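Worksheet for the structure shown next.
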Amino acid sequence: MQSRRVMRQILGLVLMLSLGLLPQASQAQSSDSTSALAEMASKVRTYTLKNGLRVILYNRGEAPVFSGAVVVRVGGSDEVVGETGISHIFEHMAFKGSDTVGTKDYGRERKLLARLEELAAESSAAQSLSPEQQKEWDEIHKELRSIWISDDFTRRYEKQGATGQNATTDKEYTKYFVNLPRSAFEFWCEMESDRLLNPVMRQFYQERDVVLEERRMRFEDDPGGRLYELLLGVAYQRHPYRAPVIGYEHDIRSLTATRLEEFRKRYYVPSNMVVSVVGKLNPDEDMKVIEEYFGRLPKGAPVARDIDAEGLQEGERRIQLTMAASPEVIVAYRKPNYPDPDDAPISVMAEILAGSKISPLYTELVKRKQVAASIGNDEGPGIAYPNLLMFSATVKAPHTTEQVINAFDSVISRFRRTGATQEQLDVAKRSIGMTYLAHLQSNQSLALDFASSELVFGSWKASVDWYDAMSKVSIADIRQVADKYLVPESRTIATIERKK
Amino acid sequence: MIQKLVQASVAALLFSVSGCAWLVGDKEDPRVAEVASFKPVQPERWTLKNGLTVLYLKDDELPIVTGKLLIRGGSLWAPDVPTGSVSAMGDQMRQGGAGKLSADALDLELEKLAATVSSSMSTEFGAVAFSSLSSDVDRVFPLFADVVLRPRFEADRLMLWKGQSLESIRRRKEDPSTVVSVAFLQLVYGNTPYGRVALEGDVAAISRDRLVALHEKFIRPDGAILVVTGRIDRQHVEKLVEQQFGSWRARGSSLPPPPPVNFQPTPGVYFISLPFSQATVQLGQLGVPRLTPDYPEIDIFNEVFGSSGFGSRLMERVRTELGLSYGIYGGISPGVVKGMNYVFLQTKAQSVYPAIDEAIGVLQGLQQVPPTEGEIQEKKAAIRNSFVFNFDTPADVAGRQARLELLKYPADYDQTYLPKIEAVSPQGVQQVAQTRWDPSQFVVVVVGNEGAYEALAASMKEKTGPLGLFGLKKLGFESAIVGH
């Protein structure tokens with residue numbers, strides 16, 4: 001859900017393969033990486049089904065296992081106030097099964113579910129049921145409980161040996177993923193296409209309560225979560241990045257199963273999805289199975305998006321959260337997103353400034369002045385629209401947020417005056433590469449990265465271009481982006497101050 | 001997002017999914033045969049004169065090498081030092097500089113090489129790990145060895161660690177899951193080495209001399225295991241290991257058995273009042289050591305009860321059917337001497353009583369009626385079919401073998417595991433529920449706001465459910481911790 005650093009995750013694949021291009025690597029290393037890159041590129045296969053669904057397959061590894069991902073290009077940035085959180089709650093509902101999974105008698109269930117929706121329509125989404133309606137509501141549920149097979153969908157997966165099954169929703173994607181033994185390949189195609197083709201919005205009103213619990217945990221009781229929600233609401237005034245992916249409480253309470261069904265028909269269409277599989281594969285044979293199952297999905301209308309662009313920021317913004325919690329600071333600078341040529345230099349700059357224990361921000365704030373216990377940096381909240389470069393710090397008692405901001409500003413001013421050294425630049429580039437070399441040993445990460453890249457940038461290879469740009473970043477580029485973006489007028493500072 | 005699976009809290013389960021045969025599905029699918037015929041490559045092993053065992057497995061996919069040294073030992077064997085000392089020693093091996101390099105110089109050198117070295121010590125074992133590009137391994141491996149053998153424990157870095165630790169202790173109260181787990185640990189294990197929680201005074205009392213002494217005590221080759229995988233030849237590994245660790249002095253003795261748990265928890269409901277909108281609950285009791293004779297039954301019990309996400313009864317009942325919780329899980333987590341049996345859940349303040357009641361009800365259901373044969377078969381299939389993921393990568397294969405050896409699992413553990421799982425009966429699982437759990441002995445910790453307290457107190461007064469047995473006691477977070 002928190003899709004910070006998504007850009008880098010997407011781009012990781014190529015980073016790991018091109019490490020050899022970096023200055024300190026040996027000749028042998030360089031040739032290793034180049035051949036590994038060539039081998040990977042030759043093995044990644046892409047297909048487009050007749051219904052417009054794009055498929056990416058990558059055969060790798062020795063163990064007979066694979067990671068399967070279905071990624072849909074829909075998330076918080078597609079939502080409007082009044083219906084925030086709908087993408088996320090739909091993600092939960094996609095685990096409830098279909099007309100054949102999760103039910104003992106779909107014919108009867110369908111009629112009961114339809115009646116629930118009539119009652120919901122008459123009672124503000126079942127929030128103001130009259131006593132008679134409540135009685136009927138409870139009776140219907142009693143009967144439904146005898147028809148439902150709870151968690152049938154996930155139990156079937158478990159039985160097949162699934163691990164790591166989960167889903168996430170962020171600003172622009174909803175991702176469904178799982179690891180399975182190869183013996184369950186056809187099973188996976190059948191189950192995933194079935195939930196796209198014949199989903200049933202059963203147990204919706206219980207799940208709405210579950211999501212409200214999730215919201216309490218992630219936002220209401222988590223100072224960091226609340227601060228982040230506030231920050232986005234201030235940094236963005238018009239663009240939908242301002243609203244939380246999990247949704248506002250009022251909006252979650254107002255959703256109905258009927259509304260979710262309309263949402264699905266608009267966004268869950270083949271042209272708005274990518275299927276991606278990484279692991280031990282036989283692409284030619286496996287593609288036939290994918291076509292047999294996913295080819296069943298109707299084409300649907302292409303998704304049209306009409307999203308208000310965020311205007312220019314004219315002046316620093318500050319937001320303060322006063323609560324019974326220790327002080328925190330986030331400083332967020334507006335920045336363009338990929339494919340803007342400034343995107344890669346900004347990422348490298350962030351790595352130089354705060355990415356390691358030798359970085360100037362860590363050295364000054366954590367080691368020398370000791371005003372912060374830790375610092376971090378991130379880009380987000382999404383990748384499809386202009387986004388933010390964020391620096392965060394946990395304030396170390398007895399220091400104040402103001403002291404942290406002052407120390408931060410002095411590092412940034414000095415950096416803007418002096419720029420980066422060649423050594424800092426080289427170390428940062430290598431570090432970005434090595435981080436993802438480790439990260440992307442996972443089939444699941446690769447599958448998700450391919451699909452995400454394809455959906456927003458039109459090609460899984462978008463990452464190659466980003467990597468090329470990243471590896472060519474110069475000291476002059478760093479100076480230029482520091483001058484242009486690390487400016488107070490286009491930043492938002494969010495702080496937690498302890499309630500006295 | 002959709003499901004929070006049990007990960008961190010059930011470390012022992014990490015070792016319990018294993019076996020040697022594969023499920024063959026019911027269809028004529030060549031993919032089934034591929035899985036059935038898969039035989040993971042086994043790591044090569046050799047032992048140095050000083051007792052250090054090396055497990056090596058080549059993996060050519062990427063131009064990197066990773067390694068990890070596992071050492072048995074930890075705070076369980078250091079009962080007389082300030083709490084947190086052993087973990088500080090583990091952290092400072094890497095963070096405090098090593099060999100010829102100061103802490104700053106070591107940070108810089110590793111960053112330049114895009115390599116990592118990390119170190120840590122816990123209650124029962126320690127780990128020092130590295131990762132490196134294959135081309136740089138001759139430069140990184142000696143730094144790794146310096147961190148193991150020649151840490152400098154620089155005073156400045158210890159001061160920095162202390163400041164950061166004090167800040168994290170100050171912030172403990174702000175995360176309900178931390179509050180509940182700290183309080184539960186203390187109420188179940190008391191002031192034994194298993195229950196200790198570092199306080200401000202402990203951190204202040206940790207000295208550099210202490211770290212040096214603990215390093216001398218624990219970091220020894222006897223029984224240690226070094227795992228190396230990646231794009232590197234065996235001869236190359238042999239040479240590096242001999243050069244760097246060949247003269248590491250053996251002690252010729254092993255650690256004594258871990259200390260007993262000399263503590264009898266007092267059952268009850270303990271309420272810690274903090275202004276969170278959700279109530280966070282951990283309940284349970286002292287548990288079992290690893291590898292009791294009924295460990296296969298325990299593994300199946302865990303799957304049925306609460307450790308398998310949506311496939312478990314806790315999740316199905318409390319989350320899916322009742323919508324009372326987003327995060328709920330539980331099970332038997334075997335430990336060194338006595339592990340813990342527990343349930344964790346979060347729910348809105350008003351529903352704290354029904355959520356606890358339902359969770360205990362799920363357990364009592366299993367005590368009264370054995371699970372169905374079908375349910376057991378499902379869980380067996382899940383264990384069998386997911387078994388391959390223990391051997392997904394060479395690093396998984398070698399790392400798993402090292403952990404099993406370090407914790408003294410029998411050599412035939414993997415070979416006998418699946419047959420033992422196959423032999424588990426519904427009655428065996430019911431017996432686990434009956435003999436390993438006793439709700440009358442439960443410690444129930446609830447962290448929540450005043451509304452949660454009132455709702456809980458009112459329901460406990462009028463209802464006769466499992467919680468009716470207990471008194472309700474309000475604690476401050478500090479008073480839940482022994483030593484305050």
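The values are calculated or read from the model by the stated rules, or taken from the named source; none is laboratory data. What you are looking at is a predicted structure, and each value in this text was computed from that prediction instead of being measured. Heads up, the Cβs are rebuilt from the backbone with ideal geometry, glycines too, and the neighbour counts pull from every protein chain shown.
Here are some notes:
- The condition (being β-branched (Val, Ile, Thr) and under 22 Å from A:Ser431 (Cα atoms)) is satisfied by just one residue among B:Val137, B:Val197: B:Val137.
- Lone qualifier among B:Ala411, B:Ala381 - being surrounded by fewer than 18 Cβ atoms within 10 Å (Cβ to Cβ) and outside any helix (DSSP H, G or I): B:Ala411
- Only one entry of A:Glu172, A:Glu186, A:Glu192, A:Glu158 meets the criterion of being in contact with a Phe, Trp or Tyr (Cβ under 9 Å, 6 or more places away or on another chain), closer than 22 Å to B:Asp392 by Cβ, more than 7 Å from every other protein chain (Cβ to nearest Cβ) and acidic (Asp, Glu), and that entry is A:Glu192.
- Where A:Val80 falls short, out of the listed (1) modelled with pLDDT of 95 or more; (2) more than 25 Å from A:Met287 (Cβ to Cβ); (3) among the aliphatic types (A, V, I, L, M); (4) under 26 Å from the mean Cα position of the chain (by Cα): (1)
- Taking the criterion of being touching a Phe, Trp or Tyr at 6+ places or on another chain (Cβ under 9 Å) and either within 14 Å of chain A (Cβ to nearest Cβ) or within 17 Å of B:Val445 (Cβ to Cβ) (or both), the residues of segment B:332-351 that qualify are B:Ser333, B:Met340, B:Asn341, B:Tyr342, B:Val343, B:Phe344, B:Leu345, B:Gln346, B:Thr347, B:Ala349.
- Of the residues making up segment A:136-161, not one is farther than 29 Å from A:Tyr176 by Cβ and not in a helix (DSSP H, G or I).
- Number of the condition not met by B:Glu200 [criteria: (1) free of Cβ contacts under 8 Å to residues at least 60 places away in the same chain; (2) of a type outside the set (Ser, Thr, Tyr); (3) in contact with an Asp or Glu (Cβ under 8 Å, 6 or more places away or on another chain)]: (3)
- Residue in segment A:248-269 that is of a type outside the set (Phe, Trp, Tyr), part of a loop (DSSP other than H, G, I, E, B), at pLDDT 95 or above and surrounded by fewer than 16 Cβ atoms within 10 Å (Cβ to Cβ) present: no
- Close Cβ contacts (under 6 Å, 6 or more residues apart or on different chains) running from residues in segment A:59-84 that are in a helix (DSSP H, G or I) to residues that are surrounded by fewer than 24 Cβ atoms within 10 Å (Cβ to Cβ) comprise A:Ser77/A:Pro240.
- Hits in segment B:314-372 - residues which are touching a Lys or Arg at 6+ places or on another chain (Cβ under 8 Å) and basic (Lys, Arg): B:Lys348
- The residues on offer are B:Val447, B:Val424, and the sole one that is touching a strand residue (DSSP E or B) at 6+ places or on another chain (Cβ under 7 Å), of a type in the set (A, V, I, L, M, F, W, C), surrounded by 15 or more Cβ atoms within 10 Å (Cβ to Cβ) and not in a helix (DSSP H, G or I) is B:Val447.
- Qualifying position, being within 14 Å of chain A (Cβ to nearest Cβ) and either surrounded by fewer than 23 Cβ atoms within 10 Å (Cβ to Cβ) or modelled with pLDDT of 95 or more (or both), among B:Thr66, B:Thr47: B:Thr66
- Applying the set (1) within 14 Å of another protein chain (Cβ to nearest Cβ); (2) in a loop (DSSP other than H, G, I, E, B); (3) of a type outside the set (A, V, I, L, M, F, W, C) to A:Ser124 leaves exactly one unmet item: (1).
- Where helices (runs of 4 or more DSSP H) sit wholly within segment B:105-194, those with at least 2 residues that are among the polar types (S, T, N, Q) occupy B:155-171, B:176-189.
- Qualifying position, being within 30 Å of A:Glu285 (Cα to Cα), touching a Ser or Thr at 6+ places or on another chain (Cβ under 9 Å) and in a helix (DSSP H, G or I), among A:Arg216, A:Arg195: A:Arg195
- Looking at segment A:407-500, the helices (runs of 4 or more DSSP H) lying wholly inside it that each contain 1 or more residues that are in contact with a Gly (Cβ under 7 Å, 6 or more places away or on another chain), buried (at least 22 other Cβ atoms within 10 Å of the Cβ) and not assigned by TED's automatic domain parsing to the domain that holds A:Ala69 sit at A:422-439, A:443-457, A:475-485.
- Condition check for B:Gly399: under 30 Å from B:Val41 (Cα atoms), more than 12 Å from chain A (Cβ to nearest Cβ) and touching a residue at least 40 places away in the same chain (Cβ under 8 Å): yes
- B:Val227 within 20 Å of B:Phe271 (Cα to Cα), β-branched (Val, Ile, Thr) and not assigned by TED's automatic domain parsing to the domain that holds B:Phe271: no
- Qualifying residue in segment B:291-310 (condition: facing chain A (nearest Cβ under 9 Å) and under 18 Å from B:Asn449 (Cα atoms)): no
- For segment B:283-306, filtering for residues that are in contact with a Leu (Cβ under 8 Å, 6 or more places away or on another chain) and either assigned to a helix (DSSP H, G or I) or buried (at least 24 other Cβ atoms within 10 Å of the Cβ) (or both) leaves 6.
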